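I have placed the structure first, in the form of structure tokens, so that the comments after it can refer back to it.
Laboratory data are not the source of any read-out in this text; all were calculated from the coordinates shown. Here the structure is a predicted model, which is why all the values come from computation and not from measurement. Don't worry about glycine lacking a Cβ; one is built from the backbone with ideal geometry, like all the others, and counts go over all protein chains shown.
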Amino acid sequence: MTRLAVFIATVAYCGYFPIAPGTVGSAAGLVVYLLVWWTQSRAIEVTLIAVTLVLGIWSGTIAERYFGGIDPGPVVIDEVLGMLITLAFIPAGWTAALTGFFLFRVFDVIKPYPASSLERLHGGFGVMLDDAMAAIYANLSLRIVMWLLPAWVR
């Protein structure tokens, strides 16, 4: 069961990338978002966000024990969740998706309140919820950017 949890938490071992594994995990999130975009289904989008959150809490808790630390670097399922939330319910083309990617990475790094507080939660909850909050900030910011620059960000 530990092997499966680590596989899920590292998003098929993407988290083992030697340089910027969080950015690689976010890029994997863009690939997952592409599947959502193709379906054009809000039900699938919501379901995928919920399933990713639940799997991330479970696998993140086990992965913390496996790696022996809090929110270990190889765990990147939280970045996939972050990208799904960042782009949720936004008709995002490539420019908007890449802008959302950049905004999420910024908010994930700076972790404005309450994301910084959520990071201190125990186990997989802390792993997942701080990125979910950063993604909410990124989603709202992306909506503002798309409203201010509609010809540039689609």
Q) When the Karplus curve 6.51 cos²θ - 1.76 cosθ + 1.60 is applied with θ = phi - 60°, which whole-Hz ³J(HN,Hα) does each residue of region 13-25 get, with x for Gly and Pro? A) 6, 4, x, 7, 4, x, 10, 6, x, x, 5, 5, x
Q) With θ set to phi - 60° and the Karplus curve 6.51 cos²θ - 1.76 cosθ + 1.60, what are the ³J(HN,Hα) couplings of region 109-114 in order, to the nearest whole Hz, using x for Gly and Pro? A) 6, 7, 6, x, 3, x
Q.
I need the shape label for region 12-69. Rule: rounded when a/c is under 1.5, else prolate if a/b > b/c, else oblate, with a, b, c from the alpha carbon gyration tensor.
A. oblate
Q | Calculated [θ] (222 nm, deg cm²/dmol) that DSSP helices of n ≥ 4 give over the chain, each run adding -39,500 (n - 2.57) | A | -23500 deg cm²/dmol
Q: Give me the orientation-averaged projected area of the Cα convex hull of the chain, in nm², one decimal.
A: 8.5
**Q.** Leading residue at positive end of dipole, the chain (Cβ point charges), from Gly124, Ala20, Ser41
**A.** Ser41
Q. So which residue, out of Val75, Val36, Val11, gets the largest mean-square fluctuation from a GNM of the chain using Cα contacts under 10 Å as springs?
A. Val36
Q: Starting with the fewest neighbours, write out Phe7, Phe102 ranked by other beta-carbon atoms found within 10 Å of each beta-carbon.
A: Phe7, Phe102
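Would you list Phe101, Phe125 from fewest to most Cβ contacts within 10 Å?
Values: Phe101 22, Phe125 17.
Taking fewest neighbouring Cβ atoms as first place, the list is Phe125, Phe101.
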Q. With springs only between Cα atoms under 10 Å, which of Gly69, Gly82, Gly126 fluctuates most in a Gaussian network model of the chain?
A. Gly69
Q) Given a Förster distance of 22 angstrom, what is the FRET efficiency for Val46 paired with Leu4, based on the Cβ-Cβ distance and rounded to 0.05? A) 0.35
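What dipole magnitude, in Debye to the nearest 20, does region 2-148 give about its Cα centre under +1 on Lys/Arg Cβ and -1 on Asp/Glu Cβ? Before the final figure, lay out the partial values.
Numbers: 7 positive and 9 negative charges, 25 e Å.
In total the dipole reaches around 120 debye.
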Q: Show the residues, 5+ positions off or on another chain, whose built amide H is closer than 5 Å to the amide H of Gly73.
A: none
(Q) Explain nothing, just the number: dipole magnitude of region 100-145 about its Cα centre with +1 on each Lys and Arg Cβ and -1 on each Asp and Glu Cβ, in debye rounded to the nearest 20. (A) 100
